[in-house]
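See below for the structure under consideration.
The values are calculated or read from the model by the stated rules, or taken from the named source; none is laboratory data. Quantities reported herein were computed from a predicted structural model and do not represent experimental measurements. So basically every Cβ, Gly included, is an ideal-geometry build from the backbone, and we count neighbours across all protein chains shown.
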Amino acid sequence: MIEELPDDIAIDDDLDDVEPVGDEAQLYEHFRVVVDRGQEMMRVDKYLFDRLTNASRNRIQKSAEAGFVMANNKPVKSSYKVKPMDVITIMMDRPRYENEVIPEDIPLNIVYEDKYLMIVNKPAGLVVHPGHGNYHGTLVNAIAWHMKDTPDYDANDPHVGLVHRIDKDTSGLLVIAKTPDAKTNLGIQFFNKTTKRRYRALVWGIVEQDEGTIIGNIGRNPKDRMQMTVLPDDQGKHAVTHYRVLERLGYVTLV
């Protein structure tokens with residue numbers, strides 16, 4: 001059964017809320033369960049795996065190795081046998097919202113997939129990565145759900161996952177690395193610009209030239225941090241964009 005906690009400690013079945021536990025200033029509770037009185041003895045990693053739909057057994061075992069799985073406030077190994085009325089907790093050294101990615105059953109438009117990588121077509125309006133104000137319903141949450149039965153894939157491991165990003169209101173293809181080697185190799189390709197990215201955009205105004213090149217430094221607009229703009233040469237990131245007009249539509253241009 002799930003223990004009913006005091007008012008000053010928060011928990012829910014969705015593992016969303018995180019509060020410091022007891023005097024552990026550096027640890028945060030991510031999950032707590034009180035073992036039922038009729039429970040047979042069972043390895044703690046299997047016991048937790050049967051109850052945590054958002055975690056693989058491999059990840060639970062790694063947490064135990066790191067000392068984050070507790071039985072009655074003491075760290076235990078994966079082989080620990082739970083007993084009736086044990087208090088089993090998972091403690092982490094960070095609040096959940098800082099790094100945790102929760103798998104969510106969100107449809108994915110997968111255009112290619114093999115054992116090393118996956119390419120998805122992200123629709124406009126979908127946030128790519130959890131962040132302030134968008135902790136749920138993102139592409140990364142959807143990928144975590146799609147990969148939840150893959151033992152070696154951990155959505156919270158920075159060595160796998162998204163290789164690049166696009167804005168919330170932009171639709172297009174995104175590459176996801178399933179292995180550390182794939183992410184390293186793909187990252188090198190993006191860094192060396194041996195990959196090519198093409199976009200179609202409807203821009204306001206009449207583009208005079210049928211084709212051309214725009215060179216400038218791109219960065220956050222100092223007057224509106226939600227927008228990007230061209231900055232002086234000593235600021236922002238160097239960017240080169242080649243464009244070609246596809247269709248002229250009155251006061252807008254498809255490029």
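Before we move on, is Arg200 among the basic types (Lys, Arg), outside any helix (DSSP H, G or I) and under 18 Å from Arg165 (Cα atoms)? When the stated conditions are applied, Arg200 passes them. Flag: Lys223 does not match the condition of being within 30 Å of Glu113 (Cα to Cα) and outside the structural domain of Asn121 (by TED's automatic domain parsing). β-branched (Val, Ile, Thr) and within 23 Å of His242 (Cβ to Cβ) - does that describe any residue in segment 126-147? Checked segment 126-147: no residue is β-branched (Val, Ile, Thr) and within 23 Å of His242 (Cβ to Cβ). Only one entry in Gly187, Gly219 is of a type in the set (Gly, Ala, Ser), closer than 25 Å to Ala124 by Cα and not in a strand (DSSP E or B), namely Gly187. Confirm whether Gln235 is polar (S, T, N, Q) and in contact with a Ser or Thr (Cβ under 7 Å, 6 or more places away or on another chain). For Gln235, the condition - polar (S, T, N, Q) and in contact with a Ser or Thr (Cβ under 7 Å, 6 or more places away or on another chain) - is not met. For segment 194-218, filtering for residues that are β-branched (Val, Ile, Thr), touching a residue at least 12 places away in the same chain (Cβ under 8 Å) and surrounded by 12 or more Cβ atoms within 10 Å (Cβ to Cβ) leaves 4. In the condition set (1) part of a loop (DSSP other than H, G, I, E, B); (2) buried (at least 20 other Cβ atoms within 10 Å of the Cβ), Phe31 is compliant with all but (1). No other residue among Asp45, Asp105 is of a type outside the set (A, V, I, L, M), modelled with pLDDT of 90 or more and not in a loop (DSSP other than H, G, I, E, B) apart from Asp45.
The set of residues in segment 228-248 that are under 19 Å from Ser171 (Cβ atoms) and assigned to a strand (DSSP E or B) comprises Met228, Thr241, Tyr243, Glu247. Of everything in segment 52-74 that's in a loop (DSSP other than H, G, I, E, B) and surrounded by 13 or more Cβ atoms within 10 Å (Cβ to Cβ), which residue is modelled with the lowest pLDDT? Result: Asn54. Quick one: is Gly187 touching a residue at least 24 places away in the same chain (Cβ under 8 Å) and either surrounded by fewer than 10 Cβ atoms within 10 Å (Cβ to Cβ) or not hydrophobic (A, V, I, L, M, F, W, C) (or both)? So Gly187 fits the description; yes. Answer with yes or no whether Ile88 is among the aliphatic types (A, V, I, L, M), at pLDDT 90 or above and in the same structural domain as Ile166 (by TED's automatic domain parsing). Spelling it out, it is not the case that Ile88 is among the aliphatic types (A, V, I, L, M), at pLDDT 90 or above and in the same structural domain as Ile166 (by TED's automatic domain parsing).
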